[in-house]
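The values are calculated or read from the model by the stated rules, or taken from the named source; none is laboratory data. This one's a predicted model, so the numbers in the text were calculated from it and none came from an experiment. Methodologically, a virtual Cβ is constructed for each residue, glycine included, from the backbone with ideal geometry; neighbour enumeration extends over all protein chains shown.
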């Protein structure tokens with residue numbers, strides 16, 4: 001999202017920095033903000049720009065978009081929260097490759113993680129404490145909410 005707030009940028013960059021070593025070890029590609037995700041459904045295609053996109057399928061290497069992401073992340077902004085929590089949540093679930101959708105609030109210490117279970121059903125987990133551990137199955141990564149929000153001292157992360 002162009003023109004994002006300071007908190008938005010800090011959260012996206014912090015999570016990216018935490019996940020990049022895991023992505024490289026797994027042979028995945030991690031993109032921030034400028035990579036589109038393409039969703040094909042019925043007779044149409046839609047494109048979205050998530051804040052972070054994790055692509056782990058080695059055959060998913062189109063130059064301008066990702067078709068088979070494993071993880072998508074949105075940092076919620078007042079102007080996009082409704083779209084991120086409703087429209088995108090429904091649209092992203094149409095992607096067979098997607099295993100996790102993470103929403104980070106920028107005005108409070110809160111992460112909402114949607115994960116696809118082995119049976120295909122989606123499960124929701126909300127984290128709200130600095131010591132809460134976010135487990136991202138796509139990467140086998142474990143990070144605390146405090147690590148993600150470390151640069152936002154005004155949210156009492158310490």
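Do the conditions hold for residue 95, that is, is it assigned to a loop (DSSP other than H, G, I, E, B), touching a helix residue (DSSP H, G or I) at 6+ places or on another chain (Cβ under 8 Å), farther than 21 Å from residue 21 by Cβ and touching a residue at least 24 places away in the same chain (Cβ under 8 Å)? No. Listed by first and then second residue, the pairs with beta-carbon distance under 6 Å, at least 6 apart or on different chains, first residue in segment 17-34 and on the phi < 0 side of the Ramachandran plot and free of Cβ contacts under 8 Å to residues at least 40 places away in the same chain, second assigned to a helix (DSSP H, G or I) and surrounded by fewer than 17 Cβ atoms within 10 Å (Cβ to Cβ), are 30/20. Test residue 139 against the criterion of being modelled with pLDDT of 95 or more, in contact with a helix residue (DSSP H, G or I) (Cβ under 9 Å, 6 or more places away or on another chain), surrounded by 14 or more Cβ atoms within 10 Å (Cβ to Cβ) and not in a loop (DSSP other than H, G, I, E, B), and give yes or no. No. Number of residues in segment 38-67 that are in a strand (DSSP E or B) and either surrounded by 11 or more Cβ atoms within 10 Å (Cβ to Cβ) or on the phi > 0 side of the Ramachandran plot (or both): the value is 12.
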